[in-house]
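Below is one structure, written out as structure tokens; comments come after it.
The values are calculated or read from the model by the stated rules, or taken from the named source; none is laboratory data. Since the structure is predicted, the reported quantities are computational estimates derived from the model, not experimental observations. Glycine also receives a Cβ, built like all others from the backbone with ideal geometry; neighbour counts cover every protein chain displayed. When the accessible area is computed, the model is the full protein with side chains, heavy atoms only, and any ligands, DNA or RNA have been set aside. Shrake-Rupley method; radii C 1.70, N 1.55, O 1.52, S 1.80 Å.
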Amino acid sequence: MITLIPENCNACRQCTYACLYGGIVLEGKTPVRTDSCTGCDACIDICKTGAIVSSGQNIRLGHDIAEYKGVWVIAEQRQGHILPVALELLGKARELADIRETGVTAVLLGDGVDKSGDLLIKHGADRVFIASAPFLGSYRTSPFVRIISGVIKEHRPEIVLFGATAMGRDLAPRLANSLRTGLTADCTQLEMSADDGVLLQTKPAFGGNIMAAITAANHRPQMATVRPGVMQPVCSPSRKGDTVFLDVREEHSDTIVSILKTVKKKQSRATLEKADIIISGGRGLGDSKGFKLLKDLAAVFSGQIGASRAAVDMGLIDHDHQVGQTGRTVRPCLYIACGISGAVQHLAGMQSSDIIVAINKDPKAPIFQVADFGLVGDLNRIIPEIIEQLK
Amino acid sequence: MDFDFTKQQKLARKIARNFAEKELEPFAQERDEKAEFPVEAVKKIAELGFMGITIPKEYGGCGLDTVTYVLIVEELARYCASTAIIVAVHNSVAAYPVYLLGTEAQKKKYLFDLASGKKLGAFALTEANAGSDPASIRTTAELKGENHVLNGVKTFITSGGTSDIVIVMASTDRSKRGRGITAFIVEKGIKGFTVGKKENKIGIRASDTCELIFENCVVPSENILGKPGGGLFAALKALSYGRIGVAAQALGVARCAMEECIKYSRERKQFGKQISDFQAIQWMIADMATEIEAARLLTLKAAGIKDEDRPFSAEDSMAKLYASEVAMRAATKAVQIHGGYGCMKDYKVERCFRDAKVIEIYEGTSEIQRLIIARSLLK
Amino acid sequence: MKGLKIIVAVKQVPGTDEVRTDPKTNSLIRQGVPGILNPEDRNAVEAALCLKEKHGAAVTALTMGPPEAGDVLEEVFAMGVDKGILLTDMAFAGSDTLITAFILSRAIIKSGRFDLILCGRHAIDGETAQVGPQIAGFMDLPQVTYAEEIVLEKGFITVRRDLEDCQEWVKVKLPAVVTVTSRINRPRYPSLYNVQTACDGSLLTTWGAEDLKVPASMLGLDASPTVIKKIFEPDHKKRGEIIPGDEKEMAASLIEKLKGVNVI
């Protein structure tokens, strides 16, 4: 436990950097111990001027875990439209909250999103916090962290979920810092233990070769980013809930990062994730001739073109078409893998497709392990045959 | 005895492996098929210091030792034996003799460019009627004023077509046979020096092997490397180093064959099980591994002797002889393990097989190495 | 103006994504798997070296791990990095992303003035993409993630970010933390010319918990909020049906089967 002697302080801030928990801050030039101080005394050694000394008392200030209640979802929007992943998360949050007999809260920041509460409520939220202001129109780290961390600190949820999107994965770690709690990235599975409220968070690692089940049993809130497309949204049009508007204003620190411009990408990847039919090619295509065959096949199926990492590395197609751990996660009704051996990182991105067809000359290719229908043979001969017969 | 490599040696090996895997392997098969010199790869590799591995830093090299050189050449050869020999020939029989025997002026003029890879080096000793017996070369260099005039034809010269600087052995006094041979540093592009036909080889096809023709080619006498009449001495020094490089190249080819077999035998199923479950296959792979390890120790020992500047008692020849024959045996077994596929150009072991045969022959055939080894014991 | 100072945080990761678990111990089989420099960290190093070549800069690489993790520093020295700091201590073992970022930020503060901290977007082992932002968090710095281009001018950087559906250009005042994706550049190869200096120890500093003046209670597994309960290999769907016959027959029965399950 520390005692502060403010007159010795030269405001060098070293103690604030040293503290893992935000237990010491400078207010103006005066050091102040906050409620977050765990009494670890780490800052005593750091202070060169003798402004922090030991009080001789030992304390252990733990979080009172029981005080944290409710499952929260940080909802993401683009140009005012709620992303599907927010609704998927609400579906899962509802399930978790029901197990814990508690409520679901959604938090939505944006510009002109005053009316969006209803959609979130229908998908499972009991309460929606909305902060709607022009400066929140595009995501920037600083204001989002400030506002969301404020509302989390005030209401103390047990669980906070984010979409594992570019925004979620930028925002969540900063919040975990600010809340000094644990965070699990890119989860594909969440399980709740009913009695102690510990969330078992399962995420792929090593390119999907390994799954890791992670907990943060002694910290609250328990936070996770969740991979889009994994959880199922549930819509109940009759569901009712409250919308609470947060009073927010822009602060100077918010402008440290300024967005100069944004340029929309071509639609290819978005359509890939929404596609009903994906015709995907890999190393086995060989060259651009094989790739043309793939395109012809996609044309007769009215499907989109996907690719394995090998095909992208060979320069056959742009990275935006890549399916797998380092590309898109897709879930079409029909996925036809042509000349794809089925490395685990590829399987990770497509194995939840409804029907998988594999065409490969190597009968031992792992792709056949996940395929519903396997065709062993030369794709240069099989594909034209399929095209011919479909026509 | 310390069997562990130093940090430097390990880092250099990692650098070579990483480069070869990414930049050489993807194109090795195509270049082999088209017999196409790896122009871009050699340019890149030169920028990274591979052309002056053991040349001291003050002459523009990397200042690394011969053991490191062996590790590097093995890694390159694991992925592309042709690029490995281009690098090995340049380092061992072109840059090295200039460093060893060159005057300060020659080093300034040629060694920096060689060590930095700005210019590619070759070594021209072999002739149609003088391969294993270098003393019988017929290329002559006749003193005329301040110049020597070269006449003759060199054959099977590695990097002959692409090189910029060639160390040429010519007889300045035919009556003295071996002691009348002098080494010259000859620049490409001078009058009377032309490149003849490019050979169409069984293996190591991406390295260009050419005929070099000298017709009244005037070379300044200041370009004599070492002493007049000291050419054979220079050649023997260079070739001794060259043998270590070729041994390292053989290790790379042998390892490639073995590693491909390990991969293939785990994938290939016959009679309902992986062929790696069959003892016949296991034993072949076990033999490959053992022989490769023995060849590597022999090669590293030769490199260690060179680093300590101790005299060889034919260890360099033993390394070349053994490693090249190990490569040939490993490649033969590898093709056998691959069965029909091993005979197809789609599989790397097919290339290993052809490359290994060349390695048994150039830089002194197995027979010449045995001759040297026997002489060292029986003299 | 004083010269630009860039810190690059790098990580040694298992060299293959073919990792397996030991079903008995529930742990990763790391034996025989060589450690490599995390791929996107290599891009971060390249980005730093490009800025160095263009504007002049001192580039320091920072890594935390067992003593062997020093290997990746040697490799980045051979790429042209000027100095390296290896953070190694038994007390660091088991740190999750929060504690790792804490340790790294302590070391960055100790190493003195800096203008820019670069990290790879994520490491191929844990794939969290959290350490970069969390370093920024501990140091209260602005962060820019998913960078695919960095342009420096007069105390600011302009960064092009690669997001799901768009590219975004942002301007940030230095100092800042930037995490880069593999699209930002093609990393150079380490050079043999640098091997001697890279390995002679002259560029390397090693710090432990004591050097950072952080008590062990704030470090490692015990201090980390998250704990890995178990690891396991994902189970894939069962093997489906192999359609027999020649090309014609295969195509015909495939079409019939797809019609049967109403996908076409």
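Structural descriptor for chain A: relative contact order 12 percent, calculated from alpha carbon pairs under 8 angstrom and at least 6 residues apart. Using +1 at the C-beta of Lys and Arg and -1 at the C-beta of Asp and Glu, which of A:10, A:51, A:21 has the Cα lying farthest in the positive direction of the dipole of the stretch A:2-54? Ranked along the dipole, the leading option is A:10. Principal-axis analysis of the Cα atoms of chain B puts helix B:7-19 at an angle of about 80° to the longest axis. The residues of the stretch C:74-114 listed by number as losing at least 40 Å² of accessible area in the complex, against the isolated chain and with a 1.4 Å probe, are C:74, C:75, C:98, C:106, C:109. Split chain A at each of the GluC sites (Glu not before Pro) in a DSSP loop with at most 15 other beta carbon atoms within 10 Å, and the longest piece is A:102-249. Rounded to the nearest 10 degrees, the inclination of helix C:97-110 to the longest alpha-carbon principal axis of chain C is 20 degrees.
Its Cα centre serving as origin, the stretch A:251-354 has a Cβ charge dipole (Lys and Arg +1, Asp and Glu -1) of approximately 260 debye. Here the Gaussian network model covers chain A, with springs between Cα atoms less than 10 Å apart; of A:188, A:34, A:105, A:34 fluctuates the most. Heavy atoms of the protein only, probe of 1.4 Å, neighbouring chains included. What is the accessible area of residue B:353 in Å², nearest 10? The value for residue B:353 is about 80 Å².
Each of C:84, B:249, C:63 was placed along the dipole of the protein assembly as shown (beta-carbon charges, centred on the mean Cα), and the one lying farthest toward the positive end is B:249. For residue C:230, the residues whose modelled amide H falls within less than 5 Å of its own, excluding neighbours fewer than 5 places apart on the same chain, are A:213.
About the Cα centre of the stretch A:158-210, what is the dipole size in debye to 20, counting +1 per Lys and Arg Cβ and -1 per Asp and Glu Cβ, all else neutral? Before the final figure, lay out each step's value.
Working: 4 positive and 6 negative charges, 63 e Å.
Dipole magnitude for the stretch A:158-210 comes out near 300 debye.
Under 5 Å between amide hydrogens, which residues at least 5 positions from residue C:179 or on another chain qualify, with H placed 1.01 Å from N in the peptide plane? For residue C:179, whose amide H was placed from the backbone, the distant partners under 5 Å are C:119, C:144, C:145, C:146, C:147. How high is the relative contact order of the stretch B:121-231? Use alpha-carbon pairs under 8 Å, at least six apart in sequence, and give a whole percent. With pairs under 8 Å counted, the relative contact order is 31 percent. Along the stretch A:193-204 the Karplus relation, 6.51 cos²θ - 1.76 cosθ + 1.60 evaluated at θ = phi - 60°, assigns HN-Hα couplings of 8, 5, 7, 9, x, 7, 9, 8, 10, 9, 9, x Hz to successive residues, with x for each Gly and Pro. Estimated from the Cβ-Cβ distance and a Förster radius of 41 angstrom, the FRET efficiency linking residue A:274 and residue A:242 is about 0.80.
For the protein assembly as shown, the solvent-accessible area with a 1.4 angstrom probe is 42 square angstrom per residue.
Dipole of chain C, Cα-centred, from +1 at each Lys and Arg C-beta and -1 at each Asp and Glu C-beta, to the nearest 20 debye? Provide the component values of the computation, followed by the final result.
Details: 31 positive and 36 negative charges, 131 e Å.
The dipole magnitude comes to about 640 debye.
Summary value for chain B: 17 percent relative contact order, contacts being C-alpha pairs under 8 angstrom separated by 6+ residues. Amide H contacts of residue B:268 (H built 1.01 Å from N, in plane; Pro and chain starts excluded): B:275 sit under 5 Å, all sequence-distant by 5 or more or on other chains. A DSSP coil position with no more than 14 other Cβ atoms inside 10 Å describes the following trypsin sites (Lys or Arg not before Pro) in the stretch B:287-356: B:345. Residues in the stretch B:336-346 carry Karplus couplings, in order, of 4, 4, 6, x, x, 5, x, 8, 9, 5, 5 Hz; the curve used is 6.51 cos²θ - 1.76 cosθ + 1.60 with θ = phi - 60°, and Gly or Pro positions show x. In the Gaussian network model of chain C, springs joining C-alpha atoms below 10 Å, which of C:44, C:93, C:107 carries the largest mean-square fluctuation? Per the Cα network of chain C with a 10 Å cutoff, C:93 tops the list.
The trypsin sites (Lys or Arg not before Pro) of the stretch B:67-121 include none that DSSP puts in a loop with a beta carbon having at most 11 other beta carbons within 10 Å. Taking GluC sites (Glu not before Pro) as exposed when their DSSP state is a loop state and no more than 14 other Cβ atoms lie within 10 Å, the longest site-free interval of chain B runs over B:147-307. When chain B is described by a simple charge dipole with +1 on each Lys and Arg Cβ and -1 on each Asp and Glu Cβ, the residue from B:163, B:368, B:331 located farthest towards its positive end is B:368.
Angle of helix A:84-100 to the longest C-alpha principal axis of chain A, folded into 0 to 90 degrees and rounded to 10: 60°.
Are there trypsin sites (Lys or Arg not before Pro) in the stretch C:75-144 that DSSP puts in a loop and that have at most 16 other Cβ atoms within 10 Å, and which ones?
On the way: sites: C:83, C:106, C:110, C:113, C:121; in loops: C:113, C:121.
Answer in residue order: C:113.
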